[in-house]
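The values are calculated or read from the model by the stated rules, or taken from the named source; none is laboratory data. As the structure is a prediction and not an experimental result, all values here were calculated from the model. Reconstructed Cβ throughout: ideal geometry from the backbone, glycine too, with neighbour counts over all protein chains shown.
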Amino acid sequence: MKFQSKKRFRLVLTVFMGFILIGALGFSAQKIPISFNDYHGFTGTVKYIKAVSKAYPSITRLVEIGKSNMERPIFVLVISNMKTGTTIDAHVKLRNMRREGVKNVPPMKPYQGKPGHWICGSMHGNEHTGTEVCLYIIDKLVTGYGTDSEIKQLIDNKTFYICPVVNPDGVYNSVEKGLSQRRNSMMKDDDGDGRVNEDGRDDLNRDGFFTRFRYKDSKGRYVIDDVDPRLMVRLGRDKKTEKQRYSVIAEDKDNDGDGKRGEDSEQGIDINRNFPEGWFTDDDMAGGTGDYPTSSPEAQAVVEFFTNHRNILMAQFYHTSGGFTFRPLGTAPHDKLHPKDVAIFDMIMGKKYLEIIGEEVPEAWQKPELLDKFKAELKKSSKNKYAISRGYELPRGWKVSYNEARDRRYSYGMATDWAYLQYGIYSITTELWNSRKDIKGMPELKGEDARVKLERALLKYQDEKFGGKLFVPWKKFDHPDLGQGEIGGWIPKYRSNALPGSPLLNVCEMHWQFELFRAGLMPAIEISDAKARVLYTTNSARGAVVSQKVDQVTIKKGKSKGKYRVVEVTATIENKGKLATHVARGTQLAGNREDVVWLIGDPDKVTYLQGTPFQKIGILEGIIKIPGYSAKVAPAPQQEQRSPYMGRMWRFMSQYYPRPRRPQQRPVPTQVKGKGPKRTVKWLVAIEDNAPLKIVVTSQKGGTKVKNLSIQ
Amino acid sequence: MKSRIQFKYISVLALSALLLASFVTPAMAQKKLQKSPGGYHGELDFPISWNRYYSYAEWTKIMHDIQKKYPHLADIESIGKSRMGRSQYLITITAKSTGGHKDKPAMWVDGAIHGNEVNGITCSLYLMWSLLTRYDYDKYIYDLVNNCTFYILPGLNVDANDSFVRFPNTPHNPRESFRPEDNDGDGLYDEDRTEDVDGDGELSIMYIQDPKGEYKLSPDKRRFVRVSDIKEEGVRFRRIGPEGYDNDGDGFINEDDIGGPDPNRNYPFDWNLRAGNPYPMSEPCTRNAYEFMLKHPNIFASFHYHNTGRLIMFTTPPRREQKQTTEQKQQAQERLNQYLEEQRKTNKYAQAFDVQVRPGYEEDINAQAQIVTMGARILKNYRPVTSGGVGQTAASSYGMLGAYAFLIELWGSPAFDADEDNDGRVSDEEYLKWIDTELTGEGWIVPHKVNHPDLGEIWIGGTRKKHTQRTPPARYIEMEALKNTQFVMYCASQFPKVEIEEVTVTPATHNLFWVEVAVKNERIYPTSSDRSMKLKRAVKDKLTFSSSKNISLVKIPGAATKINPKNTSVQYETITGKVTEFRLKGKQTLRFCALVKIDGSSGWVEFHVKSQNGGSDSKKIKIKIS
């Protein structure tokens, strides 16, 4: 008996403790462990995100957005509370539909009704530090949901689209196969000999890594370093030396007997030059990669995903390395950016970024009110006309890839520019990892042999922390084409990526903090003070109207009995987020629309006396004042790229399209008052019986909110 | 800058005769050669009724059936699936006995990239049918099919094509591919489409009785006419618009019809977001077609069928940037008109275009001008015009693939015939007369009363039916298709053909001899377009020298490279190696000469010319020294 009761007591205790535990942890019962002691690669990443999506079904969805040329899937992990959020198509009932019934419109997902934040890594396969940062962010988000109120807020009200690996083939080859591959993979015949991918790189010594081969060569450009004999030092063009010269080449041989090594490999095209912005050169020739913009399945998958997820307002395309961030633009000069967005990019995001990575914030960003003074000063000291117009030079840690000094574009068809210029997204590219800054105690990059010093220090660091396992020591090898030599060198995947362990964790943490900050900037739309007040009842819905002017309806006062109730509906719509619901150029961009408010009721029972079922209310501004920007000072935005369908055409067509309700008169638009982040709206409707009403506000990037009205 | 050639007016007089393919593989002969124009030409070997439009299921079946009958000439493949899962069938036509389809210059033809422009399908099918059924009967077609490849994609936008033919529609919709789009900016996609309210199988215009309306019924009660005097008594109507319901209850009707981006603004060249939202090659139907074109570098010219307006639009090379005042522009236009007037006195089909191309594109504009001039003659009341870019198919065919591209705007309402008072437009009365006489009354919807769930009692009618304006009525289809087929075939007949005209040997000194070879292309088109040269897609023509062992090439000293042993007026290029690379322009003969050393008293030299698009030829001569 005693024993039994003890057992029961234990059971009760366990259950009790269990409850406490569950209570403490919220819902995250089964945590998916993740470590950053080595890279996950493609396989590890897929395994991890599949496990996460299984363990956290209520806040994650795993979506396959495409397949690479080698049939590897490209996954996006959607992180958002799946129980919250709504979209407009869930509320508007369609009737009398065309009999043909083409079903080309898939229903929207609830998470598409929240502001979206895209984060992706490894568009370049060998720059897989971005993948690790993505995984770190996933881990922080899903495990923080139950414990951290800020993260819970974000997951409930925003949507994260995290694509750890955009270039699965490149990452697979770079990490799993040990062969550094920047581009995607393609089945093609580079050397035109009729065979496909027959001469790629070779792992000659079969150690699992595609390292380097060095051999004695009187014309070689390398010598062995005096201090660390593992290090090969590259000589200047005309530098003379007494030492033995070496040539250092990739570990590779001629596989097809044409006298060339590695001339027909699996390497395809650079995905980050395959986007549809600035892809052509100025004389209409191909400047970017591929046969046409989005010709690669990876770029198309990303572009198609953005097209179907117009709620994305923030985007981060991680690359490696350098330890700084590229904000747009790279394919076009600075003045294509709207000054308001420049201020948001630099003064808000850039400032925070520099603080996080520990670099000095330019004086102009700290004192934006003195911008005019800085401009005047720069006019004297700088030759950079873009800097003069801004009032500051861009710092090392936060810059553009466009070459402002030479007024020359950096490259063609880049994703970040495309996302900002065409889809109106605050998109940036962070070049993660700077070994000199992210490892403590690295030498300063100064002096003649600064690079060599850094290389020595890195080798020493990996000796101490990794037991020298990241570097393959040089070993003799008899090369089939070149004869005697040695194979060795850094294992490619560690060469330019954040070193695993604490340096990588440090990089992850900094950039998680930055994206957390950016997510916090996104708009948040709310409906408050929604009221439906019965003015009186009447027998005829139409009879209530006494007079109607352009935007004002006067109705009969007094009380008469009838089955119709004349109701005044008012509401306040507010953006409580920091930024506006669109970038500065907003609805000038095709595919971007104004924020819209609907008053929805049973169409058979609700008559609109004043106001229309849906009404455009412009763009809701954010609540913060943008430092260094004022609408008065800034030049007018460029008029371009307005969609014929959504702008000009619609305005024209709206006169042409029939309005069924009141043939005699144009309906009076919904009364919308206010500007900035706030609008007050008012309708007058006549309702038969007790037909319910609801207000739906839908903003592409600000989210969708519903309020059911109780009629008083 | 000064050395640039000004291409002001390119004019072409009527070409005296069609240049027929001059060579026939002698081993084969036509089975049923017909020489009489009044004779039987094979069309009835596979009869197709051309006085109706076909649904997707029907025309793809026709394609498959005809391929089964002519397997030695045709192959069918699906180049991919459309958004709604329909296979896009493409037929490849070439005589397999004379080589694979990829080894011959090819003509690309696509029809109906716009869903509603289904007469493009008919024209494509008609071309396919003519080539296949007449192969054994006509020498002209026999040579074409032997020497060229035709890639024919009858329906490009198959989803919308099928919808247009099978369901009630206005002449203008559905036009785009079926990517959902929010046209009215209310957050919903494709939610308010057109509906056939009165169930008569046509989409007409709705009117409603309204005392303040601007319309009244015409005396014959067949149409609504505007009220001229507002005080005039009688029943008034207000025009509401095309038939349909307010599906989403937002107060508008048909404001968000099916379809998104215009597929003909979806191609990569000169694409922009404004016209081509969301991104280039976003639609499966256009992407599949373009991927096919990319994989077939032998495509030499392309036809893209549209309607309406009877135009031969041809893609011009990049223009030279020039700053002209309006006055200068007017003057240039006047000069052009005067020039044309002069030309038209002797040739009523003469054409002239004011096109100033960038340097290096002269051959392209020249060749195209000649082709479309002939096109204007074949197609009669069609007008050749230059066309631009903005993501259009033809722009990419030329701009990115280097293929000579044409956009044909088919048909056009019968303005040419029905305009009795010759004021340049067809009034409703004139139109009705045309419908009553030539269409025997079947093209008109007479106004009638209908009950509408959103509007109450309304009137529908007073318009033409679907197949009267943008797509020809059934009995006009064949007339249209035949003329266009003739033009495509003419264009293909001008694909380059390289030939060795002659090889001659003349003594120089001692045992040295001059060997001269003349290589010619008698067709209008060069062996590769200027654009494909710039794009580095072109493969140069190659002249290969071979000889018996005792004959060897002698290097001509650098100072004497312009040696001309026979005639100083003829330009010669010297041959210095085994292979000489060059490019033959249209209607051009190039002469080459080589200095050879002959040991002994006899031997032979042979020249072989090979062109990517112009075929190959060789000539061998024996030399005997006495």
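Take A:Ile49 and decide whether it is touching a residue at least 12 places away in the same chain (Cβ under 8 Å), aliphatic (A, V, I, L, M), within 11 Å of chain B (Cβ to nearest Cβ) and touching a strand residue (DSSP E or B) at 6+ places or on another chain (Cβ under 7 Å).
Answer is no for this residue.
What residue, among those in the stretch B:44-74 that are surrounded by 15 or more Cβ atoms within 10 Å (Cβ to Cβ) and of a type outside the set (A, V, I, L, M, F, W, C), is farthest from B:Asn161 (Cα to Cα)?
So, considering only residues that are surrounded by 15 or more Cβ atoms within 10 Å (Cβ to Cβ) and of a type outside the set (A, V, I, L, M, F, W, C), the one farthest from B:Asn161 (Cα to Cα) is B:Asp45.
Listed residues A:Gly628, A:Gly591; which is within 10 Å of another protein chain (Cβ to nearest Cβ) and not in a strand (DSSP E or B)?
A:Gly591
Counting only residues that are hydroxyl-bearing (Ser, Thr, Tyr), out of contact with any Phe, Trp or Tyr (no Cβ under 6 Å at 6 or more places or on another chain) and crowded, with 24+ Cβ neighbours inside 10 Å, how many does the stretch B:291-321 have?
The total comes to 1.
So, in the stretch B:196-223, of the ones that are surrounded by fewer than 24 Cβ atoms within 10 Å (Cβ to Cβ) and of a type in the set (Gly, Ala, Ser), which residue ends up farthest from the other protein chains (Cβ to nearest Cβ)?
Checking each candidate, the answer is B:Ser218.
Does the stretch A:437-459 hold any residues that are in contact (Cβ under 8 Å) with a residue 40 or more places away in the chain and basic (Lys, Arg), and which are they?
A:Lys437, A:Arg456
Filter the stretch A:179-199 for residues that are of a type in the set (Gly, Ala, Ser) and in a loop (DSSP other than H, G, I, E, B) and give the result.
Answer for the stretch A:179-199, where residues must be of a type in the set (Gly, Ala, Ser) and in a loop (DSSP other than H, G, I, E, B): A:Ser180, A:Gly192, A:Gly194.
Tally up the residues in the stretch B:232-265 that are farther than 13 Å from B:Phe178 by Cα and more than 7 Å from chain A (Cβ to nearest Cβ), please.
Number of matching residues: 12.
Restricting the search to the stretch A:590-611, which residues are closer than 20 Å to A:Ile525 by Cβ and either surrounded by fewer than 22 Cβ atoms within 10 Å (Cβ to Cβ) or modelled with pLDDT of 90 or more (or both)?
A:Asn592, A:Arg593, A:Glu594, A:Asp595, A:Val596, A:Val597, A:Trp598, A:Leu599, A:Ile600
Taking the residues in the stretch A:607-616 that are more than 9 Å from chain B (Cβ to nearest Cβ) and within 19 Å of B:Ile253 (Cβ to Cβ) as candidates, determine which candidate is nearest to the chain's Cα centre (by Cα).
Filtering the stretch A:607-616 for residues that are more than 9 Å from chain B (Cβ to nearest Cβ) and within 19 Å of B:Ile253 (Cβ to Cβ), the one nearest to the chain's Cα centre (by Cα) comes out as A:Gln615.
Being part of a strand (DSSP E or B) and among the acidic types (Asp, Glu) is the requirement here; does B:Asp65 meet it?
no
Can you name the condition, by its number, that B:Arg193 falls short on among (1) within 7 Å of chain A (Cβ to nearest Cβ); (2) out of contact with any strand residue (DSSP E or B) (no Cβ under 9 Å at 6 or more places or on another chain)?
Only one criterion is unmet by B:Arg193, namely (2).
Return the only residue of A:His117, A:His91 being in contact (Cβ under 8 Å) with a residue 60 or more places away in the chain, surrounded by fewer than 20 Cβ atoms within 10 Å (Cβ to Cβ) and either under 23 Å from the mean Cα position of the chain (by Cα) or under 27 Å from B:Ile258 (Cα atoms) (or both).
Unique residue meeting the criteria: A:His91.
Looking at B:Ile141 and the list (1) away from every other protein chain (no Cβ under 14 Å); (2) more than 19 Å from the chain's Cα centre (by Cα); (3) not in a loop (DSSP other than H, G, I, E, B), which single condition is not satisfied?
(2)
Results for (1) in a helix (DSSP H, G or I); (2) modelled with pLDDT under 95; (3) touching a Cys at 6+ places or on another chain (Cβ under 7 Å), shown as yes or no for each residue.
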residue: A:Val63; (1), (2), (3): no, no, no
residue: A:Gly66; (1), (2), (3): no, no, no
residue: A:Val76; (1), (2), (3): no, no, yes
residue: A:Val92; (1), (2), (3): no, yes, no
residue: A:Lys103; (1), (2), (3): no, yes, no
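Within the group B:Phe178, B:Phe150, which residue is part of a loop (DSSP other than H, G, I, E, B) and either more than 14 Å from every other protein chain (Cβ to nearest Cβ) or under 32 Å from the mean Cα position of the chain (by Cα) (or both)?
Result of the check over B:Phe178, B:Phe150: B:Phe178.
If you go through the stretch B:364-406 one residue at a time, how many are within 12 Å of chain A (Cβ to nearest Cβ), out of contact with any Ser or Thr (no Cβ under 7 Å at 6 or more places or on another chain) and part of a helix (DSSP H, G or I)?
The number of residues fulfilling the criteria is 2.
Yes or no, residue by residue, for (1) over 24 Å from B:Ala474 (Cβ atoms); (2) in a loop (DSSP other than H, G, I, E, B); (3) modelled with pLDDT under 85:
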| site | (1), (2), (3) |
| --- | --- |
| B:Asp417 | no, no, yes |
| B:Asp423 | yes, yes, yes |
| B:Val426 | no, yes, yes |
| B:Leu432 | no, no, no |
| B:Ile435 | no, no, no |
| B:Gly441 | no, yes, no |
| B:Val450 | yes, no, no |
| B:Asp454 | yes, yes, no |
| B:Glu457 | yes, no, no |
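Of the numbered conditions (1) at pLDDT below 90; (2) of a type in the set (A, V, I, L, M, F, W, C); (3) surrounded by 20 or more Cβ atoms within 10 Å (Cβ to Cβ), B:Val227 satisfies every one except a single condition; which is it?
Going through the list (1) at pLDDT below 90; (2) of a type in the set (A, V, I, L, M, F, W, C); (3) surrounded by 20 or more Cβ atoms within 10 Å (Cβ to Cβ), B:Val227 breaks only (3).
Considering (1) crowded, with 24+ Cβ neighbours inside 10 Å; (2) at pLDDT below 95, say which one B:Leu127 fails and leave the rest.
Unmet condition: (2).
If I ask for residues that are closer than 17 Å to B:Arg265 by Cβ and of a type in the set (S, T, N, Q), which ones from the stretch B:166-196 would you list?
B:Asn173, B:Ser177, B:Asn183
Only one residue in B:Val605, B:Val570, B:Val554 is at pLDDT 90 or above and not acidic (Asp, Glu), so which one is that?
Sole residue among the options that is at pLDDT 90 or above and not acidic (Asp, Glu): B:Val605.
Please go through the stretch A:249-289 and give me each residue that is more than 10 Å from chain B (Cβ to nearest Cβ) and without any contact (Cβ under 8 Å) to a residue 24 or more places away in the chain, ordered by number.
Hits for the stretch A:249-289 are A:Gly257, A:Gly259, A:Asp282.
Determine whether B:Thr527 is at negative phi, in the same structural domain as B:Gly600 (by TED's automatic domain parsing) and buried (at least 18 other Cβ atoms within 10 Å of the Cβ).
yes
Looking at the stretch A:295-315, which of its residues are more than 9 Å from chain B (Cβ to nearest Cβ), out of contact with any Gly (no Cβ under 6 Å at 6 or more places or on another chain) and β-branched (Val, Ile, Thr)?
A:Val302
Taking the criterion of being modelled with pLDDT of 90 or more, in a helix (DSSP H, G or I) and small (Gly, Ala, Ser), would at least one residue in the stretch B:329-339 satisfy it?
No, every residue in the stretch B:329-339 fails to be modelled with pLDDT of 90 or more, in a helix (DSSP H, G or I) and small (Gly, Ala, Ser).
Can you work out which of the residues in the stretch A:563-589 that are in contact with a Leu (Cβ under 6 Å, 6 or more places away or on another chain) and surrounded by fewer than 20 Cβ atoms within 10 Å (Cβ to Cβ) is modelled with the lowest pLDDT?
Within the stretch A:563-589, the match that is modelled with the lowest pLDDT is A:Glu568.
Given the conditions (1) in contact (Cβ under 8 Å) with a residue 60 or more places away in the chain; (2) more than 16 Å from B:Glu516 (Cα to Cα), and given that B:Ile623 satisfies all but one, which numbered condition is not satisfied?
(2)
For the stretch B:605-626, give me each residue that is farther than 16 Å from B:Ala538 by Cβ and not in a strand (DSSP E or B).
Of everything in the stretch B:605-626, those that are farther than 16 Å from B:Ala538 by Cβ and not in a strand (DSSP E or B) turn out to be B:Ile625, B:Ser626.
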